[in-house]
Amino acid sequence: MKRFVLNPKYWLWPLALWAVVAILSLTWSWRELDHHARELATNEGRFVFKMVDTVRLWNAGHGGVYALVDATTKPNPYLDVPDRDIVSRSGKSLTLLNPAYMTRQLADVVLEHSGIRLHLTSLKPLNPGNKANEWESAALTSFEHGVAELSEFIVEDGRTLSRYMAPLRVKEACMNCHRKQGYKVGDVRGGLSVVFPADSFLAPLRAEKRNLAVAHLTVWLLLSALTVFFLWRLRGQMLMLEEARSQQESLVEVRTAELKEQVKERVGAEERLRLMINASGSGIYGVDFDGRCTFCNPVALRLLGYRDEREVLGQDMHELVHRPAAEDDSLPHLCRLKSYRDGQSAHDENDVFCRVDGECFPVEYRSHPIFSDGQVIGAVVTFADITARVEKHKIVWKKANYDELTDLPNRNLFYDRLDQAIAQSGRSETQVALLFIDLDGFKAVNDRFGHAAGDELLRIAAERLAESVRDSDTVARLGGDEFTIVLPQVSETSEAQVVAAKTLEQLSQPFVLGNQEVRISGSIGIALYPRDGGNGITLIKHADVAMYRAKESGRNAYRFFSDGDD
């Protein structure tokens, strides 16, 4: 571009381009004028054709018309119909003019008064005078192949003429004469050519073309002058800028040396920071304002299952470490986003990250925003895998809430489940049934066969109790040979009766302890919330009382608590 502007000899290229555009535009405009002239000529030829065709249809519709026989109108020797020639009452001779004969006579009149030449023709003429010339024959052939009309300009004896031709199709009114020739309605019988002077169309066209040529030349000269003026001004400005550039080069060299030194120091600082980050024992990654990764240390890559930092650079870290399966719309995820969106630090001790293979693991993370000129430009996130800590917590929690022997909820978790069932019952307006179960005969088995056999019996009994209830029910061991069953959302008392009966049946089945088979039974006390107590403590107390009533009644039975049991 610079070389083009500074060297005037290259300025001829845009001038040549404007010339090409002007020539193309002028050529297109001339073609449009020619097209318009052809349309006008075609429309006039079509008009004359339709007028003559209309007169022919009128003649055919009346079965022909009679005219006086004279020197110009003689009987048609090619018309073979009855009553072709008649004599009027006054003794005058009349002959029948069919559409073809009338068209030929009409053509002579039109030619004499308007200079328009009409020629009725056919590929199979009866009258030799209707024989088609070479152009008309080609036109008639094309009409039989679906062409609707033809029009063109020709030159004869130094004059430009417009030539138009369209087909004459057989209509129902024409069948009286043409049925003998084997024609059907719609067939091409022949054609009518119309030839007339085209000077009325072409003279204005030539003048318009001259005007367009002058206008395009004027526009080209104007654009060329503006282009040269613009390039001249631009050349002057570029020369001034070139001089200013040369003056600044020395200043740029000095400043460049200073910047190189600053860049060297910054690269050294970044390298030291990178070594510190890579040596860290925690996973560390950085994100920009849009949450896309800017760096990731080796520990973070290892914990997330990636091999190369390039796999995560530029990726949305929130989407990488939180898959839909692990996402729960909880605050920890939103808190971490605040670091680079709102400039707030975030810390969560119990979040979940996902590795590249989809496996999720618990983490503790801290997120701190990065500021530049007072604006948040990203954040740094440090995190650690706390799987061991979480597993240890689960073990401690299970020991605190589950019976080690039977793996059933212990007293602590039982109280929690009972309180939950009571709260849920209040919302759903249903009852809670509490079954207090004591194993009859357990002490005798334990004393006779030993503690190992007793423990085995308790484990089997726990399995049978768990099989007697729904997944939503809770079976717990309070201690010794005492068990409880919590039935939430009970609608009818009979539901508790069914479970109690099934439980007694299960417990009455033989227990195989090593090589020994023993039998025990159960005593069950049932208390219903809210009928038998308004809280868990009262409900347990009343279920325990009802259980003792079952023992007193002979064991292997269940009893509901009643007011008289207190």
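Residue-wise HN-Hα couplings along the stretch 517-534, as the Karplus relation 6.51 cos²θ - 1.76 cosθ + 1.60 with θ = phi - 60° gives them from phi, are 10, 10, 10, 9, 9, x, 10, 10, x, 10, 10, 10, 9, x, 4, 9, x, x Hz; Gly and Pro carry x. Footprinting exposure proxy ranking of 377, 524, 116, fewest other C-beta atoms within 10 angstrom first, gives 377, 116, 524.
Ranked by how many other Cβ atoms sit within 10 Å of their own Cβ, fewest first, the residues 277, 485 fall in the order 277, 485. Across the stretch 139-268, Cα pairs under 8 Å and at least six residues apart give a relative contact order of 17 percent. Taking 7 Å steps out from each Cα toward its Cβ at residue 508 and residue 226 produces label points 11.1 nm apart. A full extension of the chain between residue 19 and residue 149 corresponds to an added length of 42.9 nm, given 0.36 nm per residue minus the alpha carbon distance.
With a cut-off of 16 Å on the backbone N, the residues of the stretch 384-427 near the modelled label site 7 Å out from residue 361 along Cα-Cβ are 384-392.
Eigen-decomposition of the gyration tensor built on the alpha-carbon atoms of the stretch 53-155 gives equivalent ellipsoid semi-axes of 30, 16, 12 angstrom, largest listed first. Using the Cβ-Cβ distance between residue 447 and residue 470 with R0 set to 35 Å, the FRET efficiency works out to roughly 0.50. Rounded to the nearest 5, what % of DSSP beta bridges with both residues in the stretch 402-565 are antiparallel? Looking only at bridges with both residues in the stretch 402-565, the antiparallel portion is about 85 percent. Protection proxy ranking of 154-164, 487-497, by the mean of other Cβ atoms within 10 Å over each peptide's residues and highest first, is 487-497, 154-164. Two tests apply to each whole DSSP H helix in the chain, Cα reach of 30 Å or more along its axis and mean Kyte-Doolittle hydropathy of at least -0.5, and the ones passing both are 12-61, 199-279. From least to most packed, judged by other beta carbons within 10 angstrom and beginning with the fewest, 542, 119 follow the order 119, 542. Dividing the mean sequence gap of close Cα pairs (under 8 Å, 6+ apart) by how many residues the chain holds gives a relative contact order of 8 percent. Assign one of three labels to the chain, namely rounded, prolate or oblate, based on the Cα gyration tensor with a ≥ b ≥ c the square roots of its eigenvalues; rounded applies when a/c is under 1.5, prolate when it is not and a/b is larger than b/c, and oblate otherwise. Oblate shape, in that a/c is at least 1.5 and b/c is the bigger or equal ratio. With K and R counted +1 and D and E -1, the other residues having a Cβ less than 13 Å from that of residue 537 yield a net charge of -1.
Values in this text are rule-based calculations from the coordinates and carry no lab data. Bear in mind the structure is a predicted one, so any value in this text is a computation, not a measurement. Neighbour counts are summed over all protein chains in view; Cβ atoms, including those assigned to glycine, are modelled from backbone coordinates with ideal geometry.
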